[in-house]
Amino acid sequence: MVPDELAHTMEQLGSEWADKEGAAQLLEETRKSIRAKLMLKYLVGAKTVAKSEAMAEADVEYIRHIGNMVEARKQATKARVKYDAYRVQIELLRSQEATMRAQIGIR
């Protein structure tokens, strides 16, 4: 592969990883806000903070949010693995090229 193509692919994989990491972080950062909103919704009927907390955590909206959060983190991790694997592949190519140059110089 041509160095420009390698750099372009590396940039694409890095951008994909950054986008997925950002999406995962957003969901993780808003988890407490969702929980607090739901706790307030249930507080009047629950009569205690502990009960409203339990009701909030059992709410479908909160469970869905947690599921989305876990899925987003999984996608971000997969994107990171792709990025790292490509980086290793480039390093192996560099090593192979250096070995070939050294062998040519030896002969």
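The values are calculated or read from the model by the stated rules, or taken from the named source; none is laboratory data. Worth saying up front: this structure is predicted, and the values here are computed from it rather than measured. Cβ placement follows ideal geometry from the backbone for every residue including glycine, while neighbour counts extend to all protein chains displayed.
Going through ILE90, ILE34, ILE106 one at a time, which residue ends up being crowded, with 17+ Cβ neighbours inside 10 Å and β-branched (Val, Ile, Thr)?
Only one candidate qualifies: ILE34.
Cβ contacts < 8 Å: first residue under 14 Å from PRO3 (Cα atoms), restricted to the stretch 82-107; second residue outside any helix (DSSP H, G or I), any location; separation 6+ or different chain. Result?
LEU93/MET1
How do the pairs read when you match residues in the stretch 1-18 that are over 15 Å from LYS82 (Cβ atoms) and modelled with pLDDT of 95 or more with residues anywhere that are of a type in the set (Ser, Thr, Tyr) and assigned to a helix (DSSP H, G or I), using Cβ under 6 Å and keeping only pairs 6 or more apart or on different chains?
Sorted first by the residue in the stretch 1-18, then by its partner, the list stays empty.
Among the candidates ALA46, ALA76, ALA56, which residue alone is surrounded by 16 or more Cβ atoms within 10 Å (Cβ to Cβ), closer than 30 Å to GLU11 by Cα and not hydroxyl-bearing (Ser, Thr, Tyr)? Spell out how you get there, then give the answer.
Values: ALA46 fails: closer than 30 Å to GLU11 by Cα; ALA56 fails: closer than 30 Å to GLU11 by Cα.
Among ALA46, ALA76, ALA56, only ALA76 is surrounded by 16 or more Cβ atoms within 10 Å (Cβ to Cβ), closer than 30 Å to GLU11 by Cα and not hydroxyl-bearing (Ser, Thr, Tyr).
Would a scan of the stretch 18-37 turn up a residue that is part of a helix (DSSP H, G or I), closer than 30 Å to VAL2 by Cβ and among the basic types (Lys, Arg)?
Looking through the stretch 18-37, at least one residue is part of a helix (DSSP H, G or I), closer than 30 Å to VAL2 by Cβ and among the basic types (Lys, Arg).
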